[in-house]
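Engineer: So that we are looking at the same thing, I have put the structure below in structure tokens.
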Amino acid sequence: MEPSYRKNCVVIDDDFPGYSEKCFNLASKYEQYIESIIVPNGMIKDRLERMSIDILETFEFLNATSINLLCVLKGGFKFASDLSEKIHNSAVTRSKNIPIFMDFIVSNTYENDVVGHEPQFHTYTNLTSFKDKDVLILEDLLDSGTTLSSLVPYIKSFEPRSVLVA
């Protein structure tokens with residue numbers, strides 16, 4: 001079955017004003033700082049669940065024998081942790097025995113607090129281990145696109161079987 005992830009996107013328009021903060025239970029220490037909620041926590045949790053299913057379907061379609069997650073640190077850690085847990089749970093629920101591995105990479109695109117130079121990557125693993133493997137890059141926030149536009153070709157230089165981004 002062809003993956004459905006391209007049809008299952010949630011798009012939030014740039015001019016979306018958000019939901020009133022009064023619709024949510026906020027800790028009083030944060031109330032003065034929050035004008036509106038753009039993406040509620042429940043929606044994030046539901047999307048992670050759906051993404052995990054889409055990711056499994058995609059890797060099944062690719063006949064992957066494992067999923068090699070690559071977390072872009074530091075910001076991506078919580079996202080990667082939550083999503084990898086959902087992927088694992090979805091795999092168990094679907095009786096899919098596919099090994100899931102997690103590796104980490106640090107990208108630095110800021111110089112003097114300004115985005116402006118080519119990203120520099122620092123890894124915690126030997127990326128040659130990605131050869132002929134299926135890699136899923138986990139990035140929490142797409143800002144200027146600078147990191148991913150450099151990271152994807154960098155990872156592809158290690159000759160993985162596939163490189164996808166979540």
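Read-outs: derived from the displayed coordinates by stated rules, not from any lab. Values in this document were obtained by computation on a predicted structure and should not be read as measured data. We place every Cβ from the backbone using ideal geometry, glycine too, and count neighbours over all the protein chains shown.
Engineer: Using the number of other C-beta atoms within 10 angstrom as an exposure proxy, rank K29, K96 with the fewest first.
Structural biologist: The order, fewest Cβ neighbours first, is K29, K96.
Engineer: So what is the relative contact order for segment 40-165, in percent, with contacts set as C-alpha pairs under 8 Å and at least six apart?
Structural biologist: Relative CO of segment 40-165 lands at 28 percent.
Engineer: Can I ask one more? Indicate, rounded to the nearest 5 percent, the antiparallel portion of the DSSP beta bridges found entirely in the chain.
Structural biologist: 35 percent
Engineer: Test of understanding: ordering V152, V135, V92, V11 by Cβ neighbours within 10 Å, fewest first, what list do you get?
Structural biologist: By the 10 Å Cβ count, ascending: V11, V92, V152, V135.
Engineer: What spacing in nm lies between the two simple spin-label points modelled at F158 and V92, each 7 Å away from Cα in the Cβ direction?
Structural biologist: Placing both labels 7 Å beyond Cα along the Cβ direction yields 2.7 nm.
Engineer: Follow-up question, since we're still on this one. Please give the contour-minus-distance gain from S36 to L62: 0.36 nm per residue of separation, less the Cα-Cα distance, rounded to one decimal in nm.
Structural biologist: 5.3 nm
Engineer: Here is a follow-up. Check the straight Cα-Cα distances from K45 and name the lysines below 19 Å, setting aside those fewer than 8 residues away within the same chain.
Structural biologist: Straight-line reach from K45, under 19 Å: K7, K78, K86.
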